[in-house]
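Asks: I have a structure I would like to understand better, so I am pasting it below and will then ask my questions one at a time.
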Amino acid sequence: MEWTRATRYRPYAKWSARQLLSLQAQAANSPYQMRYHIRPQSGLLNDPNGFSYFNGCYHVFYQAFPFGPVHGMKSWFHLESPDLVHWDNRGLAIEPGPDPDSYDNAGAYSGSAMAIGNQLFLMYTGNHRTDDWVRIPYQCGAWMDADGRVTKWDHYLFKNPAQFSEHFRDPQILKHDGLYYCLLGAQKADDKTGHLDLWKSADLKEWEEVGIVDFGVANAGYMIECPNLVFVDGKAVLVFCPQGLDKQVAAYDNIYPNMYVVGDDFDFVHAKLVNPSPMKNLDDGFDVYASQCFNAPDGTAYAISWVGLPDSTYPTDTENWANCLSQVKELHLVNGHLLQQPVKAMTSLRRSAGEAQVANQTTIVPASNNQYELAVKIAANQQGSLQLAAGEGYHLDLNFDTAAGQLTIDRGPSGASVNADYGTTRQTMLPAGHELFLRVFVDHSLCEIFVNDGAHVFTLRFFAPDQATAIRMSTEGLDYQAHYWPLQQM
Ligand code: FRU
């Protein structure tokens, strides 16, 4: 398949059922396929969208190009869950408009959702392209009813005002003091700098710009994508993806980072994060982007991320599918630092058959199913490597030094190379001379490492050969305890 503009933007109805079935089979049968994470049914998945609670369950949607491993004509696919762990596929929810004058004729781009009355309001960016391929970003609305039927609004909500370029998208709908607000990622037309823009509305129909958000970052690169405001333990947290961010402003290793800033509060009237902290990386791994957060009805803050990066390729591209979503993470704040933890229901995936507990040996599990949770406590003042997916000269390396307080993940020796231009290692500093607690989730080609109860998370894809499934410690006589649970498929 040659991915020309014409093939990427072919209307969905022009793809045959046979093509789709064959792509679905390829995605389902891949040895790299995740089994308990949200994954594309076919083709490419990117940002989580519309993460919300409505009609008695949780909802998440994802950006999809169902016809190949490339970014093409995007739609929203829908899933529902009672517990944020077991997700049921509900299929295509927002299909891009079939007509040349549809507001979303070149894709239903990212956005958010809010339960209003007995419906779920979906707000998203209609990626409109004129005949001359000029982009007009229309902010669009749709209702989803309790049966999952989506009805798009006839009119768009608003367009980019003149001060912003065509890069004006990813609306997050919020409610505060009886008004609706919308936070968007934007690029200024004149100097091509990235910003967050805030809008307000009394009725969702008439919108007015409040202004560019002051969140304490003067130079956020050339564009900010996927902004989210979420309230965590009484503080306001802004999560966003700056592109082209100067590494002097904030250090990061991935092509584009997913960052956060914490404020004492958010001033909606003046579009201002109150007393903002410095910017921090949300994830210390290789592949997290476009995280979407929301406050559940009981106030708990949750996040879910795209495990994948823009402008990057992955080894499954040759199998015609790409990417997945992270597990849902519950957010808390300790001393201004975000803690990200697995939700409680994650333990319901544990299977007792095959469960193992091991201490101080080099072999933890001789042959795993590469679909497991592993909890490891490593005593203070130990140095070595925890090796996952080990065998045949390959392993995913978790190198620790609990004397100096250091953890380095090296996916270089794990198998097929992934975006190696951006390095094969990621490192984080930990308290020196302390015990280290790791909760590791492996789902075939996905690994999520929760460090010290979520003080750091490393999320990454790795592509090991089939037979590399052992879990072991590099060195004899290390002082550690490990607990291994095979996990159920979802
Ligand atoms: C981020 C992003 C968004 C956009 C969407 C398109 O990954 O580029 O800004 O809405 O993906 O799929």
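The values are calculated or read from the model by the stated rules, or taken from the named source; none is laboratory data. Because the structure is a prediction, the values reported are computed rather than measured. Quick reminder, even Gly has a Cβ in these numbers, built from the backbone with ideal geometry, and neighbours come from all protein chains shown. What goes into the accessible areas is simple: the full protein's heavy atoms, side chains included, and nothing from ligands, DNA or RNA. Shrake-Rupley method; radii C 1.70, N 1.55, O 1.52, S 1.80 Å.
Asks: Looking for whichever is farther than 27 Å from MET1 by Cβ, touching a helix residue (DSSP H, G or I) at 6+ places or on another chain (Cβ under 9 Å) and charged (D, E, K, R) here; the options are ASP154, ASP83. Which one fits?
Replies: ASP83
Asks: Just a yes or no: is a residue in the stretch 379-387 touching a Pro at 6+ places or on another chain (Cβ under 8 Å) and either of a type outside the set (D, E, K, R) or modelled with pLDDT of 95 or more (or both)?
Replies: Step one: of the stretch 379-387, the residues touching a Pro at 6+ places or on another chain (Cβ under 8 Å) are none.
For the stretch 379-387, residues touching a Pro at 6+ places or on another chain (Cβ under 8 Å) and either of a type outside the set (D, E, K, R) or modelled with pLDDT of 95 or more (or both): absent.
Okay, residues lined up against (1) assigned to a strand (DSSP E or B); (2) within 16 Å of the ligand (Cβ to nearest atom); (3) in contact with a Ser or Thr (Cβ under 9 Å, 6 or more places away or on another chain):
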site: LEU204; (1), (2), (3): no, no, no
site: VAL210; (1), (2), (3): yes, no, no
site: GLY221; (1), (2), (3): no, yes, yes
site: LEU229; (1), (2), (3): yes, no, no
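Asks: Follow-up. Quick one: count up the residues across the stretch 82-109 that are more than 20 Å from ALA146 (Cβ to Cβ) and touching a Gly at 6+ places or on another chain (Cβ under 9 Å).
Replies: Number satisfying all stated conditions: 10.
Asks: Do we find that GLY393 is on the phi > 0 side of the Ramachandran plot and in contact with a strand residue (DSSP E or B) (Cβ under 7 Å, 6 or more places away or on another chain) in this structure?
Replies: So GLY393 fails the test.
Asks: Which residue is surrounded by the fewest Cβ atoms within 10 Å (Cβ to Cβ), if the candidates are limited to the stretch 48-57 and must be more than 14 Å from the ligand (Cβ to nearest atom) and touching a residue at least 60 places away in the same chain (Cβ under 8 Å)?
Replies: ASN55
Asks: Output the residue which, of all residues in the stretch 287-299 that are more than 16 Å from the ligand (Cβ to nearest atom) and open to solvent by less than 30 Å² (accessible area, probe 1.4 Å), is farthest from VAL60 (Cα to Cα). Full working, then the answer.
Replies: Keep residues of the stretch 287-299 that are more than 16 Å from the ligand (Cβ to nearest atom), which gives 294-299.
Filter once more, keeping what is open to solvent by less than 30 Å² (accessible area, probe 1.4 Å): 294, 296.
Values: PHE294: 11, ALA296: 13 Å.
The extreme case among them is ALA296.
Asks: Within the stretch 97-120, can you find the residues that are open to solvent by 20 Å² or more (accessible area, probe 1.4 Å) and within 16 Å of the ligand (Cβ to nearest atom)?
Replies: Across the stretch 97-120, the qualifying residues are TYR103, ASN105, TYR109.
Asks: Within the set of pairs 6 or more residues apart or between chains, which connect a residue that is open to solvent by 20 Å² or more (accessible area, probe 1.4 Å) inside the stretch 456-472 to a residue that is charged (D, E, K, R) and modelled with pLDDT of 95 or more with Cβ atoms less than 6 Å apart?
Replies: Here the result reads HIS456/ASP284, each pair linking the stretch 456-472 to a residue that is charged (D, E, K, R) and modelled with pLDDT of 95 or more.
Okay, residues lined up against (1) within 18 Å of GLN382 (Cβ to Cβ); (2) touching a helix residue (DSSP H, G or I) at 6+ places or on another chain (Cβ under 7 Å); (3) open to solvent by 50 Å² or more (accessible area, probe 1.4 Å):
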| site | (1), (2), (3) |
| --- | --- |
| LEU398 | yes, no, no |
| GLN406 | yes, no, yes |
| GLY415 | no, no, no |
| GLU435 | yes, no, yes |
| LEU438 | yes, no, no |
| ASP443 | no, no, no |
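Asks: A further question on this structure: Which of the residues belonging to the stretch 236-255 are open to solvent by less than 10 Å² (accessible area, probe 1.4 Å) and assigned to a strand (DSSP E or B)?
Replies: ALA236, VAL237, LEU238, VAL239, PHE240, CYS241, PRO242, listed by residue number.
Asks: Among the numbered criteria (1) touching a Gly at 6+ places or on another chain (Cβ under 8 Å); (2) surrounded by fewer than 16 Cβ atoms within 10 Å (Cβ to Cβ), which one does GLN340 miss?
Replies: Only one criterion in (1) touching a Gly at 6+ places or on another chain (Cβ under 8 Å); (2) surrounded by fewer than 16 Cβ atoms within 10 Å (Cβ to Cβ) is unmet by GLN340, namely (2).
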